1. Scan region 9-22 for residues that are among the small types (G, A, S) and open to solvent by 50 Å² or more (accessible area, probe 1.4 Å) and jot them down.
2. Checking W36 against (1) open to solvent by less than 50 Å² (accessible area, probe 1.4 Å); (2) touching a helix residue (DSSP H, G or I) at 6+ places or on another chain (Cβ under 9 Å), which single condition isn't satisfied?
3. Mind checking whether some residue in region 77-94 is touching a helix residue (DSSP H, G or I) at 6+ places or on another chain (Cβ under 9 Å), among the polar types (S, T, N, Q), open to solvent by 10 Å² or more (accessible area, probe 1.4 Å) and at pLDDT 95 or above?
4. Where in region 1-62 are the strands (runs of 3 or more DSSP E), entirely inside, with at least 1 residues that are touching a residue at least 24 places away in the same chain (Cβ under 8 Å) and within 13 Å of the chain's Cα centre (by Cα)?
5. Hey, which of the strands (runs of 3 or more DSSP E) in region 77-124, taking only ones fully inside, have at least 3 residues that are in contact (Cβ under 8 Å) with a residue 24 or more places away in the chain and farther than 11 Å from G9 by Cβ?
Amino acid sequence: QVQLVESGGGLVQAGGSLRLSCAASGRIFSSYAMGWFRQAPGKEREFVATISRGGVTTYYADSVKGRFTISRDNAKNTVYLQMNSLKPEDTAVYYCAATFRSMGTTSDGVYDYWGQGTQVTVSS
């Protein structure tokens, strides 16, 4: 069993930055790839970014490429999402997820564990 707890969400003005964290416990963190997803009101959950077990390989949604950076610290059992140049359309609940695959995918169906989410609101 893996427990994931997100933090770092909040209210920020357009153009600002936030860093989300996701702390994992329960199993060896380096055993699984991690992903970030988000869900805006009235919309389906969508992929944001994913990182491989060792942190070497990353992949981003086109909508955040060049603005967001996913990273992980396996010694701290934590994955991060640095979000810069935020836009109002980035407003959503952000979720981290873990998969025992070596690398995550854009499909939420491959992830085995999910956090409870953290709200990010970007004002114009």
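1. Of everything in region 9-22, those that are among the small types (G, A, S) and open to solvent by 50 Å² or more (accessible area, probe 1.4 Å) turn out to be A14, G15, S17.
2. (2)
3. yes
4. On the way: elements: 3-7, 10-13, 18-25, 33-39, 46-51, 58-60.
Output list reads 3-7, 18-25, 33-39, 46-51, 58-60.
5. Values: elements: 78-83, 92-99, 118-123.
Per the criteria, 78-83, 92-99.
The values are calculated or read from the model by the stated rules, or taken from the named source; none is laboratory data. Being a predicted model, the structure only gives us computed values, none of them experimental. Every residue, glycine among them, receives a Cβ derived from its backbone with ideal geometry; neighbour counts consider all protein chains shown. Heads up: the accessible areas ignore ligands, DNA and RNA and are worked out on the full protein's heavy atoms, side chains in. Shrake-Rupley method; radii C 1.70, N 1.55, O 1.52, S 1.80 Å.
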